[in-house]
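The values are calculated or read from the model by the stated rules, or taken from the named source; none is laboratory data. Note that the coordinates shown come from a computational prediction; the quantities given were computed from them, not determined experimentally. Backbone-built Cβ (ideal geometry, glycine too); neighbour counts: all protein chains shown. Heavy atoms of the whole protein, side chains included, go into the accessibility calculation; ligands, DNA and RNA do not. Shrake-Rupley method; radii C 1.70, N 1.55, O 1.52, S 1.80 Å.
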Amino acid sequence: MMDEQGLHRRASTCDAESRDHCHYAEKMAEQAAEIALKRFSVILGVDFSDMESVADFREGIRLWRKMRKAADHGVVTLFGVIAVALAASVWAGIVSKLNGGH
């Protein structure tokens, strides 16, 4: 069900006797959600009512995602280089021993 703000709401499950209690509980839940969102936005440094601020935040997230992926690829490359260097050292040692080296 959609309300006047275009938000999806569940259908009322309250009976006639507890309708006031349910209305109060829904208002309290909405207030708690608004407070949580405000605190969350302060922690993140984003003003969710300002679309430019939200766009900057999303751009920052995309940048961090790209940096994390690049770092992941860098770690894989580093381990590959170390493995090749280790294999080359072992091979050089084997060849050295076979040729009578010390």
Report task. Answer with yes or no whether D72 is outside any helix (DSSP H, G or I) and of a type in the set (D, E, K, R). Result -> no
Query raised in the report: Looking at D72, is it at pLDDT below 90 and surrounded by fewer than 10 Cβ atoms within 10 Å (Cβ to Cβ)?
Result: no
Report task. List the number of the failed condition for R9; all other conditions in (1) modelled with pLDDT of 85 or more; (2) surrounded by 10 or more Cβ atoms within 10 Å (Cβ to Cβ) hold. Result -> (1)
Report summary line: Scanning the stretch 17-50 for residues that are open to solvent by less than 80 Å² (accessible area, probe 1.4 Å) and of a type in the set (G, A, S), the one nearest to I61 (Cα to Cα) turns out to be G45
